[in-house]
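Here's the structure, in C-alpha cells; my notes come after.
The values are calculated or read from the model by the stated rules, or taken from the named source; none is laboratory data. Just so we're clear, the structure is a prediction, and the values are computed from it rather than from any experiment. When we count neighbours, we look across all protein chains shown, and the Cβ atoms used for this are built from the backbone with ideal geometry, even at glycine. Note: areas computed on protein heavy atoms with side chains; ligands, DNA, RNA excluded. Shrake-Rupley method; radii C 1.70, N 1.55, O 1.52, S 1.80 Å.
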Amino acid sequence: MLPYPNIDPVALDLGFLQIHWYGLMYLVGIGGAWFLASRRLHAFDPTWSKEKLSDLVFWVAMGVIVGGRLGYVLFYDLPAYIANPLLILEVWKGGMSFHGGLIGVMLATLWFARRNGKSFFELMDFIAPLVPIGLGAGRIGNFINAELWGKVSDVPWAMVFPTGGPLPRHPSQLYQFALEGVALFVILWIYSRKPRPTMAVSGLFAVCYGIFRFIVEFVRVPDAQLGYLAWGWLTMGQVLCVPMVLAGLGLMVYAYKRQAAAEVAR
C-alpha cells in the first residue's frame, strides 16, 4: 500500500482569498493548451495572429468551465442543485463533467468558427490534441481533493484516502491522469503531426477518450447519489462514453471515405 500524500486542497490562503489546487489545475490546462497551440498555429493557419488564438482559447475555456459545471448538475446531481442553486457556483469543491465540458467546447467552437471563416471540424481537429493537457491536470486536481477515488483493493499501489474510509482503494484519478492525460496526448499529438482528413483527429479523440474512460469506470466508485445504473457495474460515465465512441468511429470512417472519394474524383 502506498501512503496518500494528503496535500492541502488550498494552495494559498490569504485570509480574504483562498486559492485552491483544483482551480490552479485549470490554469495549468488552459496555459498548456495555449502554449502548444501557438507552436502549431502557423501550420494550422499562417494568417492567424497570437491574439486570435488567445480569443479561441478563452472561449473554449469558457465552454469547458460552464459546460463542465452544468453538465455535472444535469447528469449527476440535479435534485441537489435544484434544492440549493448557489451550490453551482462552488466549483472549487469539484463537480465537473467531462461530457458537459465537451458539449460546452463544441458550442464555443461552433460559434467561433462561424465568426472566423473556419469549419467546425477544422477547429475541433486543431483543438482535440490540446484537450488532454487539461484532462490530465484536472485529474491531478481530483487526486489532491481526495475525490473520485476507486474501489477497495489490495494492489500494492492502493491508497487510503481521507474521504474514502479506512480501507485502501485504487487511485483511479491517477489511472485517468495516465490514460486521459498522458496516453491520449501522445496518441493525438503524434497522429495529428501529419495531415489527416478533416474530422479524423476529432474522431480519434472521441474513440480513445471513450475507451479509456469506460475502462477506468470499472475500478472507480460511481457518484454516491447515482450508484450503478444496471447490472451492478454500469455507471453514468460509461453510458455517456458509448455514443461518444460510436460517433468517433463514424467520424473517422466518414473522413477517410470522403478523402478516398475525393482522390478518385481528381
Evaluate the stretch 7-23: report whether one residue or more is part of a loop (DSSP other than H, G, I, E, B), β-branched (V, I, T) and over 18 Å from I140 (Cβ atoms). no
Considering every residue within the stretch 44-60, establish whether at least one is part of a helix (DSSP H, G or I), surrounded by fewer than 18 Cβ atoms within 10 Å (Cβ to Cβ) and of a type in the set (S, T, Y). yes
Filter result (at pLDDT 90 or above, hydrophobic (A, V, I, L, M, F, W, C) and open to solvent by 40 Å² or more (accessible area, probe 1.4 Å)) within the stretch 1-26: L24
Checked against (1) out of contact with any strand residue (DSSP E or B) (no Cβ under 6 Å at 6 or more places or on another chain); (2) touching a residue at least 40 places away in the same chain (Cβ under 8 Å); (3) not basic (K, R), F16 satisfies every condition except (2)
Taking the stated definitions as given, is T198 open to solvent by 20 Å² or more (accessible area, probe 1.4 Å) and touching an Asp or Glu at 6+ places or on another chain (Cβ under 7 Å)? yes
Say whether the condition of being surrounded by 14 or more Cβ atoms within 10 Å (Cβ to Cβ) and in contact with a Ser or Thr (Cβ under 8 Å, 6 or more places away or on another chain) is met by at least one residue in the stretch 80-100. no
Applying the selection to the stretch 119-132, what residues are open to solvent by less than 40 Å² (accessible area, probe 1.4 Å) and under 15 Å from K52 (Cβ atoms)? L123, F126, I127
In the list G227, G210, G203, G232, which residue meets the criterion of being in contact with a Gly (Cβ under 6 Å, 6 or more places away or on another chain) and not hydroxyl-bearing (S, T, Y)? G203
Which numbered condition trips up F120, out of (1) under 30 Å from T235 (Cβ atoms); (2) in contact (Cβ under 8 Å) with a residue 24 or more places away in the chain? (2)
Kindly evaluate L135 against the criterion of being open to solvent by less than 40 Å² (accessible area, probe 1.4 Å), modelled with pLDDT of 90 or more and under 13 Å from the mean Cα position of the chain (by Cα). yes
Considering residues of the stretch 138-150 that are among the aliphatic types (A, V, I, L, M) and open to solvent by 20 Å² or more (accessible area, probe 1.4 Å) only, the residue farthest from Y72 (Cα to Cα): I140
What do you reckon, is L188 touching a helix residue (DSSP H, G or I) at 6+ places or on another chain (Cβ under 8 Å) and surrounded by fewer than 20 Cβ atoms within 10 Å (Cβ to Cβ)? no
Within the stretch 162-182, count every residue that is among the aliphatic types (A, V, I, L, M) and open to solvent by less than 30 Å² (accessible area, probe 1.4 Å). 0
Listed by first then second residue, the pairs whose first member lies in the stretch 95-110 and is under 7 Å from G68 (Cα atoms), whose partner is among the basic types (K, R) and surrounded by 23 or more Cβ atoms within 10 Å (Cβ to Cβ), with beta carbons under 9 Å and at least 6 positions apart or on separate chains, are F98/R213
Can you pull out the residues in the stretch 211-252 that are open to solvent by 80 Å² or more (accessible area, probe 1.4 Å), modelled with pLDDT of 95 or more and farther than 18 Å from Y175 by Cβ? L246, L249
